[in-house]
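Below is one structure, written out as structure tokens; comments come after it.
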Amino acid sequence: MTETAATPQQSDTSSEQPILEAEGLVKLFGRVVGLRGVDLRLYPGEVLAVIGDNGAGKSTLIKCLSGAMVPDRGTMKVEGKQVSFKSTQEARVAGIETVYQTLAVAPALDIASNLYLAREIRRPGFAGSVLRMLDMKAMRQHASDHIKSLGISTLQNINQAVETLSGGQRQIVAVARTGAFGSKIAILDEPTAALGVRETEQVLRLVRDLRDQGLGVILISHNMPNVFETADRIHIQRLGGRAATITPESHSMQDAVAIMTGAMTVPEDEQSVR
Amino acid sequence: MSNEASQEAETPASAEELVPTGHTPAQRIQHILHGNPALSPLIVLVLSIIVFGIFADNFLRPQALSLLVQQMAVVGALAVGQTLIILTAGIDLSIGMAMVLSSLVMVKLNHDNGVPGLLALLIGIGVGILTGVLNGVLVTRVNLPPFIVTLGTFSIFTAISLLYAAGQTIALGPDALLVWTGKTLSIGSVSVTWGVILMLLLYLGVGFSLKNTAWGRHLYATGDDREASRLAGISTDRVLLSAYVVAGFTVGIAAWIVCGRVGGADPNAGLNYNLQSITAVVIGGTSLFGGRGLVIGSLIGALIVQVFNSGLALAGVDPNYQVLATGILVILAVSVDQWIRRVKA
């Protein structure tokens with residue numbers, strides 16, 4: 001993460017290097033075309049929404065980007081370096097954190113343990129290297145600091161089991177996880193589905209906080225008002241391809257729906273591909 | 001872990017009682033039990049010891065209590081491995097028969113083939129670990145449900161044991177290393193066998209690892225929600241396999257303890273141990289749905305079963321009531337678990 005990346009405004013950063021770049025992604029499922037050559041660019045410090053009707057290739061695109069699926073064709077670059085992920089773990093090492101629609105949290109474990117799941121800190125010295133003991137104190141401290149730095153007030157007790165949290169609080173834990181380990185890219189798949197109004201607002205605020213910290217955020221959502229409220233740019237998928245990339249300023253929600261359904265096309269020069 | 005549980009038992013969340021929450025007393029109990037899975041079995045154990053202390057003569061005599069602990073050592077050791085499997089939301093129906101096979105290998109190598117005791121012991125433990133590897137590979141690589149896998153391996157281990165031993169019980173001499181676990185160690189009027197100490201060491205080691213290492217965290221998380229754990233970056237297959245391998249090791253240790261206890265190996269002894277180990281784990285508060293429970297709970301669970309058996313026997317009750325009591329305990333324990341799982345914030 002660079003210093004300049006921390007600015008949320010990116011209108012004057014068109015010369016900046018994309019943090020994630022995908023070109024010509026193709027994914028076939030037998031004879032069904034999942035993706036037909038999709039391009040996507042994500043810059044640090046922006047929220048790029050991905051919308052589209054069911055079957056438009058949103059999930060396939062996200063799975064390719066997060067390493068859950070290997071595309072048949074196409075290239076991907078993270079910070080200008082070519083990558084090809086064979087697993088979500090490889091994507092994570094490259095700095096891409098994904099929050100899946102099915103919450104990737106372990107309900108019986110506490111918040112701190114969940115934040116540090118699969119990257120636990122061990123104690124220094126003998127206790128850590130030979131007895132392999134975990135440094136619970138450090139993990140709780142860091143987790144608590146991280147939660148505080150995000151301005152999340154709803155999670156008070158870091159030792160609380162996740163299953164005792166509300167849906168929104170769980171989602172906040174899952175989203176907070178993405179920003180906790182110096183990752184550069186957060187992919188959020190329907191993070192506000194099944195949440196109440198207030199909880200949705202909390203999660204979206206957290207999404208903007210992640211952006212303001214300089215992460216590139218990809219937000220998949222069906223909820224148009226959420227998308228227009230939060231996103232800097234909107235990538236619209238249709239029939240396995242990219243129909244257009246617009247901004248909330250350049251187009252209305254009606255336009256977005258029209259593009260999704262094919263009722264409207266946007267000329268290249270009116271798009272916000274960057 | 002045991003300290004924590006027993007401390008909480010004496011002062012049940014006094015701070016929480018002061019906070020004026022909107023919870024009913026039942027909900028508060030639900031919360032406390034939810035946070036301390038070993039608490040309800042501990043209460044049952046203490047109550048049952050008190051009740052049998054009153055109604056069964058001689059029950060609280062040190063000799064009777066020593067014998068009680070010696071009698072539960074084998075089930076107690078197997079329950080360690082069974083707890084690991086059940087924490088991963090699996091079940092091991094083959095664990096008792098695997099132990100019989102392992103003990104037969106130890107005894108036959110030593111007695112019939114003249115293999116030195118230590119080597120026979122190590123090979124026997126190796127056989128125990130192999131049974132775990134077999135179960136683990138079938139569960140993780142072939143992707144079969146643990147219930148089916150261990151139902152199958154149970155029959156396989158039974159057949160191999162009976163064929164290997166030709167259906168006969170083999171006795172060992174009193175000096176062999178293999179029966180060392182049956183030797184007693186007297187502290188005052190209390191005498192424990194080395195087998196009991198070995199069993200307690202198993203609880204200590206596995207309990208420590210579950211609580212303090214990343215492996216333990218991952219085991220709980222995998223049992224809790226396997227898909228979520230995989231997405232979080234845990235290699236769940238390796239965690240599952242490791243649980244079966246460690247369970248295989250406890251099988252080997254349990255086999256050594258059973259050698260000391262019966263002074264040899266009996267190919268027909270395995271059937272009951274399977275169900276007894278599951279009973280101990282379930283009564284000990286570990287959830288059959290995975291991800292929830294403590295290994296110390298299984299020790300308490302094994303003790304509860306033995307307290308009922310010994311207590312009812314000393315009270316002169318028909319032995320069939322022991323079986324009845326175990327059955328009721330299991331159903332009660334699972335009911336309590338279901339109730340606790342419905343906890344709300």
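The set of residues in the range B:102-141 being of a type in the set (Lys, Arg) and either within 15 Å of B:Pro267 (Cα to Cα) or touching a helix residue (DSSP H, G or I) at 6+ places or on another chain (Cβ under 6 Å) (or both) consists of B:Lys108 alone. In the set A:Gly80, A:Gly95, only one residue is within 14 Å of the chain's Cα centre (by Cα) and either not assigned by TED's automatic domain parsing to the domain that holds A:Arg211 or not hydrophobic (A, V, I, L, M, F, W, C) (or both); that residue is A:Gly95. Note on the range B:60-110: residues that are buried (at least 24 other Cβ atoms within 10 Å of the Cβ), out of contact with any Gly (no Cβ under 7 Å at 6 or more places or on another chain) and farther than 28 Å from B:Ala159 by Cβ total 1.
Answer with yes or no whether B:Ser235 is within 13 Å of chain A (Cβ to nearest Cβ) and among the hydroxyl-bearing types (Ser, Thr, Tyr).
yes
For the range A:220-230, the count of residues that are touching a residue at least 40 places away in the same chain (Cβ under 8 Å), surrounded by 21 or more Cβ atoms within 10 Å (Cβ to Cβ), farther than 23 Å from A:Pro18 by Cα and under 16 Å from the mean Cα position of the chain (by Cα) is zero. Across the range A:245-258, not a single residue is classified as within 27 Å of A:Lys77 (Cα to Cα), of a type in the set (Asp, Glu) and not in a loop (DSSP other than H, G, I, E, B).
Taking A:Arg208 as the residue in question, decide whether it is under 30 Å from A:Arg73 (Cα atoms), outside any loop (DSSP other than H, G, I, E, B) and either modelled with pLDDT of 90 or more or in contact with a Lys or Arg (Cβ under 7 Å, 6 or more places away or on another chain) (or both). Show your work before the answer.
Numbers: under 30 Å from A:Arg73 (Cα atoms): no; outside any loop (DSSP other than H, G, I, E, B): yes; either modelled with pLDDT of 90 or more or in contact with a Lys or Arg (Cβ under 7 Å, 6 or more places away or on another chain) (or both): yes.
It is false that A:Arg208 is under 30 Å from A:Arg73 (Cα atoms), outside any loop (DSSP other than H, G, I, E, B) and either modelled with pLDDT of 90 or more or in contact with a Lys or Arg (Cβ under 7 Å, 6 or more places away or on another chain) (or both).
Residues that are farther than 30 Å from A:Ala108 by Cβ and among the basic types (Lys, Arg) within the range B:161-219 comprise just one, B:Lys183. Pairs linking a residue in the range B:221-232 that is more than 7 Å from chain A (Cβ to nearest Cβ) and touching a residue at least 12 places away in the same chain (Cβ under 8 Å) to a residue that is outside any loop (DSSP other than H, G, I, E, B) and hydroxyl-bearing (Ser, Thr, Tyr), with Cβ atoms under 6 Å and 6 or more positions apart or on different chains, are B:Thr222/B:Ser229; B:Thr222/B:Thr236; B:Arg226/B:Thr236.
Suppose the filter is aliphatic (A, V, I, L, M) and within 14 Å of another protein chain (Cβ to nearest Cβ); does B:Leu294 pass it? Give the steps one after another, and end with the answer.
Details: aliphatic (A, V, I, L, M): yes; within 14 Å of another protein chain (Cβ to nearest Cβ): yes.
In short, yes.
Restricting attention to the range B:173-203 and to residues that are part of a strand (DSSP E or B) and aliphatic (A, V, I, L, M), the residue that is surrounded by the most Cβ atoms within 10 Å (Cβ to Cβ) turns out to be B:Val192. Residues in the range A:163-205 that are in a helix (DSSP H, G or I) and among the hydrophobic types (A, V, I, L, M, F, W, C) were compared, and the one that is surrounded by the fewest Cβ atoms within 10 Å (Cβ to Cβ) is A:Val197. Take B:Gly311 and tell me if it is touching a Pro at 6+ places or on another chain (Cβ under 6 Å), crowded, with 19+ Cβ neighbours inside 10 Å, more than 14 Å from chain A (Cβ to nearest Cβ) and not in a loop (DSSP other than H, G, I, E, B). No: the conditions fail for B:Gly311.
Mind listing just one residue for me: the one in the range A:66-75 that is away from chain B (no Cβ under 14 Å) and not in a loop (DSSP other than H, G, I, E, B) and, of those, surrounded by the most Cβ atoms within 10 Å (Cβ to Cβ)? The qualifying residue surrounded by the most Cβ atoms within 10 Å (Cβ to Cβ) is A:Gly74. The single condition from (1) β-branched (Val, Ile, Thr); (2) closer than 29 Å to B:Ile234 by Cα; (3) modelled with pLDDT of 90 or more; (4) buried (at least 16 other Cβ atoms within 10 Å of the Cβ) that A:Val38 fails is (2).
Would you call A:Ile96 within 13 Å of another protein chain (Cβ to nearest Cβ), surrounded by 21 or more Cβ atoms within 10 Å (Cβ to Cβ) and at pLDDT 90 or above?
On the way: within 13 Å of another protein chain (Cβ to nearest Cβ): yes; surrounded by 21 or more Cβ atoms within 10 Å (Cβ to Cβ): yes; at pLDDT 90 or above: yes.
Spelling it out, A:Ile96 is indeed within 13 Å of another protein chain (Cβ to nearest Cβ), surrounded by 21 or more Cβ atoms within 10 Å (Cβ to Cβ) and at pLDDT 90 or above.
The set of residues in the range A:113-153 that are free of Cβ contacts under 8 Å to residues at least 24 places away in the same chain, surrounded by fewer than 17 Cβ atoms within 10 Å (Cβ to Cβ), of a type outside the set (A, V, I, L, M) and part of a loop (DSSP other than H, G, I, E, B) comprises A:Pro124, A:Gly125, A:Ser153.
A quick yes/no check of all residues on (1) in a helix (DSSP H, G or I); (2) buried (at least 21 other Cβ atoms within 10 Å of the Cβ); (3) more than 13 Å from chain B (Cβ to nearest Cβ):
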residue	(1), (2), (3)
A:Cys64	yes, yes, yes
A:Lys77	no, no, yes
A:Glu90	yes, no, no
A:Gln101	no, no, no
A:Val105	no, yes, no
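When the range B:157-172 is filtered for residues that are over 19 Å from B:Val246 (Cα atoms) and in contact (Cβ under 8 Å) with a residue 40 or more places away in the chain, the ones remaining, listed by number, are B:Thr158, B:Ile160, B:Ser161, B:Leu162, B:Tyr164, B:Ala165, B:Gly167, B:Gln168, B:Thr169, B:Ile170, B:Ala171, B:Leu172. Of all residues in the range A:67-92, those satisfying the criterion of being in contact with a strand residue (DSSP E or B) (Cβ under 6 Å, 6 or more places away or on another chain) and within 18 Å of A:Phe29 (Cα to Cα) are A:Pro71, A:Asp72, A:Arg73, A:Gly74. Of note, B:Val206 satisfies the criterion of being under 27 Å from B:Ser242 (Cα atoms), within 14 Å of chain A (Cβ to nearest Cβ) and under 21 Å from the mean Cα position of the chain (by Cα). B:Val192: under 21 Å from A:Leu131 (Cα atoms), away from chain A (no Cβ under 13 Å) and under 21 Å from the mean Cα position of the chain (by Cα), yes or no? Against the criterion (under 21 Å from A:Leu131 (Cα atoms), away from chain A (no Cβ under 13 Å) and under 21 Å from the mean Cα position of the chain (by Cα)), B:Val192 does not qualify.
The values are calculated or read from the model by the stated rules, or taken from the named source; none is laboratory data. Predicted model only: the values in this text are computed from it and were never measured. When we count neighbours, we look across all protein chains shown, and the Cβ atoms used for this are built from the backbone with ideal geometry, even at glycine.
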